[in-house]
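Input: one structure, supplied below.
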Amino acid sequence: MRWEGGRRSDNIEDRRGMPLRRGGMVGGGIGTIVLVLLVSWFLGMDPTTLLQNLPVESAPAPGGPATGQPEAGQPAADDPQAAFVATVLGYTEDTWSAIFRSAGEQYQAPRLVMFSGATQSACGLGEAAMGPFYCPGDRKVYIDLDFFRELRDRFQAPGDFAQAYVIAHEVGHHVQNLLGTSAQVQRERENSSETAANALSVRLELQADCYAGVWAKRTDQAQSILEQGDVEEGLAAATAIGDDRLQQRSRGYVTPDSFTHGSSEQRVRWFRRGLESGDPNRCDTFSAREL
């Protein structure tokens, strides 16, 4: 992936190495969070789905610092991994700004938080074991950069474009938040059975995959970022983190009704749809008869 020399976003909070303060947690406190993480790990579910359903006692205003978390700074200019993340985030800002502008709307960019081990968000405690996540409560993307090593070594999905796909997917959730899609899905999930709620989550996640593909297509058209093998890296990442693949690895069997992100085949299909079309209107997973 050609990213060196691209514009670096300054919407970055570098919390790596910062102490974690335990105040201002979501409803239920730290014990509840630990229980949620243990249950989600055992069931092979996405813990952020459970965390977002917990009541937040003191959510900060969008863009504001998380309660109890020291104020973060900007990453060092000579940090290559941080430079990559900031550049990819900058590409998402430019691309989605253009897409929103063409629709007569103004894009509001998210902030991206880099952390080590654990950090607090408006959605509760974020830990490295959860993987990257987006919190609609504070409109921030959270990522422990060690996840990229896990993506390469544990999930066998190496490459800088695989990493860019992960960031673009989480930014896709931010787009859904801006469009009101996330709030609508959450309301429907609250009045649904567990199986139906999981199915709605799958559609939300697959749409974010499609938006990641749209971002890649549009950014390549504008900046020529894609090199030979990059598309394969993105598809490999989408395959590696499908619910069926993750459940098979962790439990030895697959339970489709518990899927919250979609199967490997589904994630690849919707990422490819966005990548080939470059059209966010082709990402309507909610009206699709088959995923």
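Every number here is computed from the coordinates shown, using simple stated rules; none is lab data. This one's a predicted model, so the numbers in the text were calculated from it and none came from an experiment. Cβ sites come from the backbone with ideal geometry, for glycine too, and all protein chains shown count toward neighbours.
Between GLN108 and ARG2, what is the label-to-label distance in nm when each label sits 7 Å out along the Cα-to-Cβ direction?
Here the answer is 3.5 nm between the modelled labels.
Output ³J(HN,Hα) for the stretch 267-282: one whole-Hz value per residue in order, computed from phi by the Karplus curve 6.51 cos²θ - 1.76 cosθ + 1.60 with θ = phi - 60°, and x for Gly and Pro.
Ordered by residue, 3J(HN,Hα) equals 5, 5, 4, 7, 5, 5, 4, x, 5, 7, 8, x, 10, x, 5, 7 Hz.
What nm distance separates the two modelled labels at ARG289 and GLN221, each placed 7 Å from Cα along Cα→Cβ?
2.9
Which of the trypsin sites (Lys or Arg not before Pro) across the stretch 194-291 are loop residues per DSSP, with 11 or fewer other Cβ within 10 Å?
Details: sites: ARG203, LYS217, ARG218, ARG245, ARG249, ARG251, ARG267, ARG269, ARG272, ARG273, ARG282, ARG289; in loops: ARG289.
Listed in order of number, the matching sites are ARG289.
What is the fewest-to-most order of SER193, SER258, SER264 by other Cβ atoms lying within 10 Å of their Cβ? Could you put the intermediate results ahead of the total?
Working: SER193 10, SER258 14, SER264 20.
Arranged by neighbour count, lowest to highest, SER193, SER258, SER264 become SER193, SER258, SER264.
Could you give the length gained on full extension between ASP279 and TYR253, defined as 0.36 nm per residue of separation minus the Cα-Cα distance, in nm? Intermediate results must be reported in sequence, preceding the final value.
Details: separation 26, 0.36 × 26 = 9.36 nm, distance 3.58 nm.
That pair, ASP279 and TYR253, stretches by 5.8 nm at full extension.
Let me ask something else about it. Just to verify a number: FRET efficiency for GLU232 and ASP10, C-beta to C-beta distance, R0 = 22 Å, to 0.05? Don't jump to the answer; show the numbers that get you there.
Details: r = 32 Å, r/R0 = 1.44.
Efficiency computed from Cβ-Cβ geometry: 0.10.
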